[in-house]
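Step one of this worksheet: look at the structure below.
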Amino acid sequence: MYAQMIKSEASTEDPKQLKEFQAKIDDNIKVEPRDWMPEGYRKTLIRQIGQHAHSEIVGQLPEGNWITRAPTLERKMILLAKVQDEAGHGLYLYAAAETLGVSRDDLTEQLLSGKMKYSSIFNYPTLNWADIGAVGWLVDGAAIMNQVPLQRTSYGPYSRAMIRICKEESFHQRQGYDIMMKMAQGTETQKKMAQDALNRLWYPSLMMFGPSDAESVHSTQNMAWKIKMNTNDELRQKFVDQTVPQAQYLGLTIPDENLTWNEEKGGYDYSDPDWSEFFDVLKGNGPCNVDRLEARNKAWDDGAWVRDGLMAHAEKKRAAKTAAE
Amino acid sequence: MSKEWPLWEIFIRGQHGLSHRHVGSLHAPNAEMAIKNARDVYTRRNEGVSIWVVEANNISASSPSEKGPLYEPSESKIYRHPTFFDIPDEVGHM
């Protein structure tokens, strides 16, 4: 997902205090920034929200890549609005993480140095316009799967950020599907491009949910804390079940020979993605890992004079105002 | 490393005459830029017609550990709620 494979930190606090904390979460009482919380909860949340925020920001790159080359002015304006939304989503999440005692610059530094991760999906390229449709439809679709339940997460600022994000996110998926509809109903070449985009992005989209974690201790702890609401397999299944009919409507074929309806479980059986590829991408060996980090580092370095200049100007104004008083 | 921009809390008044409501926060070098950034981040879909920005370190807040004693007086005075009083049906709407 936008936050993948989040390890939970152990808690070493007083068992009584931990029990009270858990009882509060079980009662669906939100945890707020200044409330007592176990260090493990705090650290795990910083890691998760931070990774989620980084994904929103890095996620601007594959789509931003097509703003100047969108096929019409309308498509260009829509894509621009969507990419702007992603910046906003990153901001809401960074702000939520900051309430846990980490600074924005700290989080940025950790992204730029490669110490913190972002979602594996953004290390895949967007080769042509159909990919922009497929990204909106599949990648934002998968993100929504995860974000809707997270609106009920136990940490107040995270939950509020998620509520805001979900309100804006369905526009993203719909604009993607709209592009896919146009392509799928277009010329033979356009239809081929749409199928090709689905072929390339299907398995990376399934990987977004992360490997099966039904047996994972981290998953169990994070679910007890309600910072993870469903297992990876549950969400992936939901995503497949929702997406297959959407592909059928488009007249496109999901690139999976084993895809069959399973009446008994009331869902589709499908092939797992190649998990060795997933781990390889996480390690930094995906097609675009180097490009993405270079682009973020360049943006940060090139913007330094603007940040410093505005800060110096603000301080000068403040000093002049104090002197006048 | 250069100095981080200060944090601002953003309050927005919607179109229907309600009070300003806290919507989130952002970093900006000064109040003017905070308002401009808030416009871009928090009013992209007609969410408001007025923006307040307050530097976060200027906000004083009640302490969560005092929650009990601080709000106890309101919990024990249920007669402050209209439903405390039984008014006979014959009296009509009140």
Quiz item: Exactly one of (1) within 14 Å of chain B (Cβ to nearest Cβ); (2) open to solvent by less than 10 Å² (accessible area, probe 1.4 Å); (3) assigned to a helix (DSSP H, G or I) is unmet by A:LEU100. Its number?
Solution: (3)
Quiz item: Restricting attention to region A:7-16, does a residue exist that is modelled with pLDDT of 95 or more, touching a Lys or Arg at 6+ places or on another chain (Cβ under 8 Å) and either open to solvent by 50 Å² or more (accessible area, probe 1.4 Å) or not basic (Lys, Arg) (or both)?
Solution: no
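Check A:LEU79, A:LEU18, A:LEU45, A:LEU93 and return the single one that is more than 27 Å from A:THR231 (Cβ to Cβ) and outside any loop (DSSP other than H, G, I, E, B).
A:LEU79
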Exercise. Considering (1) open to solvent by 60 Å² or more (accessible area, probe 1.4 Å); (2) farther than 17 Å from A:GLN60 by Cα; (3) in a helix (DSSP H, G or I), say which one A:PHE171 fails and leave the rest.
Key: (2)
Quiz item: Tell me, which helices (runs of 4 or more DSSP H) lie completely within region A:215-325 with 1 or more residues that are away from every other protein chain (no Cβ under 14 Å) and open to solvent by less than 50 Å² (accessible area, probe 1.4 Å)?
Solution: A:217-224, A:232-250, A:275-280, A:289-302
Quiz item: So, of the residues in region A:63-97 that are open to solvent by 30 Å² or more (accessible area, probe 1.4 Å) and within 11 Å of another protein chain (Cβ to nearest Cβ), which turns out to be farthest from B:TRP8 (Cα to Cα)?
Solution: A:ALA81
Quiz item: Looking at region B:43-63, is at least one residue in contact with a helix residue (DSSP H, G or I) (Cβ under 8 Å, 6 or more places away or on another chain), open to solvent by 60 Å² or more (accessible area, probe 1.4 Å), at pLDDT below 95 and closer than 22 Å to A:GLU32 by Cβ?
Solution: yes
Practice problem: Kindly indicate which of A:ARG164, A:ARG236 is touching a residue at least 40 places away in the same chain (Cβ under 8 Å), among the basic types (Lys, Arg) and touching a Phe, Trp or Tyr at 6+ places or on another chain (Cβ under 7 Å). | Solution: A:ARG164
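The values are calculated or read from the model by the stated rules, or taken from the named source; none is laboratory data. Since the structure is predicted, the reported quantities are computational estimates derived from the model, not experimental observations. Reconstructed Cβ throughout: ideal geometry from the backbone, glycine too, with neighbour counts over all protein chains shown. Note: accessible area is taken over every heavy atom of the protein model, side chains too, but ligands, DNA and RNA are not part of it. Shrake-Rupley method; radii C 1.70, N 1.55, O 1.52, S 1.80 Å.
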